[in-house]
Amino acid sequence: MNYRPTLLAIAALMAALIAAPSPCAGQDSSAAKSTLRYCEIQAHRLPDLNIPRFGHATLLAGGEVLVVGGHTSGFVPTPTAELWDGREWRILPTTYTHDQALAIALSSGKVLVAGGHQQPLGIGQTFTVELYDPVARAFEGYGCLDRKRVFADAAELDSGHVVISGNWYERDDIELFDGTRQCRHVGSTSQQRTTPIVLPISAHNAVVFSRLDTCAHELDSIVVDRMEGAPFVPPLFRSWRPRHVHVQRRSAYCRIGGGDSEPYQHLITVEDSAGHLAIARITALPATPPAADSAAFALLPTCQPIPMTYEGDSINYFAELIADRAAKRAYLVGIDARNRFYALAVSYAPSLQGAQATMTLYVSQPMPDVVISQPALTSTGDIIIAGGCNAEGNFVPYASVLLLPLGEAAPQSSWLTSHSSLFILAGIFILLLAAAWVVRRLRSSARLQSKPAEEPDSSAQEALADVADPSITEYIRSNKLFRQSDLKVSDVAAQLNLTPRAVSESIKMETGQTFTQFINILRVDYAKALLRQSPAMKIGAAGMDAGFANETSFYRTFKAITGTTPKEWIAMMS
């Protein structure tokens with residue numbers, strides 16, 4: 001067989017690699033010392049919400065994405081929430097309406113939702129409080145705040161108590177939710193605030209501050225209140241101010257440490273009088289007089305300033321930082337006039353050791369139906385943006401949902417980012433390996449085609465590795481890899497001589513699902529087939545045979561995907 005055309009094509013591809021910039025390259029030569037990297041990402045459109053909404057909360061509850069409240073078309077509050085089951089959005093009723101309310105995921109696993117506008121058009125405030133239980137997938141309304149509120153925020157303390165502050169055209173103060181049923185007033189505030197930042201600084205204390213008063217006027221100075229202790233003015237806030245964001249703030253997303261023996265730490269964005277942005281690190285100090293239970297406010301050392309433009313377009317960072325504590329990265333999400341989404345990833349781990357935090361700017365392709373709302377982090381480390389509005393305003397919210405796949409976008413070593421030649425050499429080496437693999441694959445194919453038809457295929461697994469189906473999803477299905485309870489994306493990638501990211505992106509492109517979602521759907525379908533074929537089979541045994549690690553995981557995933565328990569599903573089938 002003549003392999004020359006294939007090798008010539010690979011040679012042409014190598015030449016193109018040398019001539020073209022990498023899709024994830026360092027800055028141009030004018031900023032050669034910078035460690036900022038630019039990476040292209042493929043944003044994905046997920047199925048739309050059932051109800052267009054804005055002023056809602058998007059957060060993670062029981063490992064699932066939950067969208068709560070907000071208002072729909074005509075600026076009318078909606079008494080609903082929606083839950084993403086991996087394939088579609090399921091509507092859940094809420095006890096009350098919660099438009100521009102506070103919402104916080106608690107350490108108990110439940111979600112506290114409180115306050116919001118009382119009437120359509122963003123009028124008034126409410127006292128209403130309810131809890132979402134991710135196990136029952138249901139809301140329970142049971143009580144009221146100490147003060148009716150809207151545009152408030154909250155922070156959970158180690159005790160399970162929740163500090164609440166902030167209001168809009170009504171008096172502000174600090175109250176405490178006791179973690180069970182009651183809210184009580186615990187102190188006044190030195191300033192009246194809307195959309196405050198509320199952060200725990202010790203096991204029993206929290207700070208509250210904002211840039212705006214309850215009428216959205218700029219405050220002359222930024223005073224920090226403590227739930228316990230005297231208010232103070234950090235020196236940082238004399239030259240930098242907390243940044244005002246365009247969506248409802250969720251202070252809990254800013255936390256990067258705290259609890260047990262770990263110091264309490266948070267990251268927020270700040271702005272100077274010239275409009276430059278920076279990142280501030282808020283760290284609890286040791287309880288040494290006179291700074292007992294106070295907090296240190298200082299700029300985070302970064303490899304360079306926050307980038308404000310890309311290819312000549314201004315970047316509008318419309319939300320506060322979102323911290324991924326597992327990856328030790330914080331994301332700042334933005335958009336430009338071309339409808340491209342951005343995620344500035346700040347790898348803050350080096351800064352905790354006295355070095356500079358590194359940055360990577362992820363850029364999407366232009367997207368249709370571009371809207372903004374508070375982003376949230378999924379269980380796989382991706383960014384999801386559900387619903388929102390655009391320049392048309394609050395009366396025309398959207399139902400579109402966007403996913404920025406960042407969970408497997410691993411941070412790069414800073415010394416590599418300014419050495420583009422290394423990337424080119426690495427790319428050439430990889431392509432040479434690819435050329436050898438192609439030749440091996442073609443030779444294997446030729447050997448297989450020359451086999452007599454009646455020859456038994458005693459080396460089917462080896463042949464499959466050499467002549468793999470181009471569909472990764474079909475490869476997983478046909479080989480029933482999902483039945484391995486400990487299956488990881490890296491296992492599939494190793495079998496196919498691919499990278500884990502390539503496998504994940506292929507599955508996402510073909511199915512619209514993450515690797516975990518796809519595997520769980522296959523497992524549930526396989527378990528259902530077993531239960532149909534063998535009615536006497538125990539339900540738990542079917543789940544284990546399908547690849548689930550335990551019965552609890554099987555039951556929870558089965559209900560999340562089908563909307564019913566296995567027992568209910570069997571009853572429906574009979």
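The values are calculated or read from the model by the stated rules, or taken from the named source; none is laboratory data. The model shown is predicted, which means the values in this text are computed figures rather than measured ones. With ideal geometry, Cβ positions are generated from the backbone for all residues, glycine too; neighbour counts draw on all protein chains shown.
Data table
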item	result
Single residue of ARG181, ARG147 found to be at negative phi, outside any strand (DSSP E or B), surrounded by fewer than 21 Cβ atoms within 10 Å (Cβ to Cβ) and touching a Phe, Trp or Tyr at 6+ places or on another chain (Cβ under 8 Å)	ARG181
Test: residue in segment 291-307 that is hydrophobic (A, V, I, L, M, F, W, C), modelled with pLDDT under 95 and within 19 Å of the chain's Cα centre (by Cα)	no
Subset tally (residues that are surrounded by 15 or more Cβ atoms within 10 Å (Cβ to Cβ), free of Cβ contacts under 8 Å to residues at least 60 places away in the same chain and assigned to a helix (DSSP H, G or I)) for segment 121-138	0
Answer residue from segment 344-370, given it is without any contact (Cβ under 8 Å) to a residue 40 or more places away in the chain and under 17 Å from ALA319 (Cβ atoms) and is surrounded by the most Cβ atoms within 10 Å (Cβ to Cβ) among those	LEU344
Of residues in segment 483-533 being β-branched (Val, Ile, Thr), closer than 22 Å to GLU40 by Cα and not in a loop (DSSP other than H, G, I, E, B), the one modelled with the lowest pLDDT	THR511
Condition broken by ALA536, with the remaining ones in (1) hydrophobic (A, V, I, L, M, F, W, C); (2) in contact with a Phe, Trp or Tyr (Cβ under 6 Å, 6 or more places away or on another chain); (3) not in a helix (DSSP H, G or I) satisfied	(2)
Output for segment 158-184, where each listed residue is more than 23 Å from VAL111 (Cβ to Cβ) and not charged (D, E, K, R)	TYR169
The lone exception for ILE104 - which of (1) modelled with pLDDT of 95 or more; (2) outside any strand (DSSP E or B); (3) within 30 Å of LYS508 (Cα to Cα) it fails	(2)
Residues within segment 360-390 that are under 15 Å from GLY55 (Cα atoms) and small (Gly, Ala, Ser), tallied	5
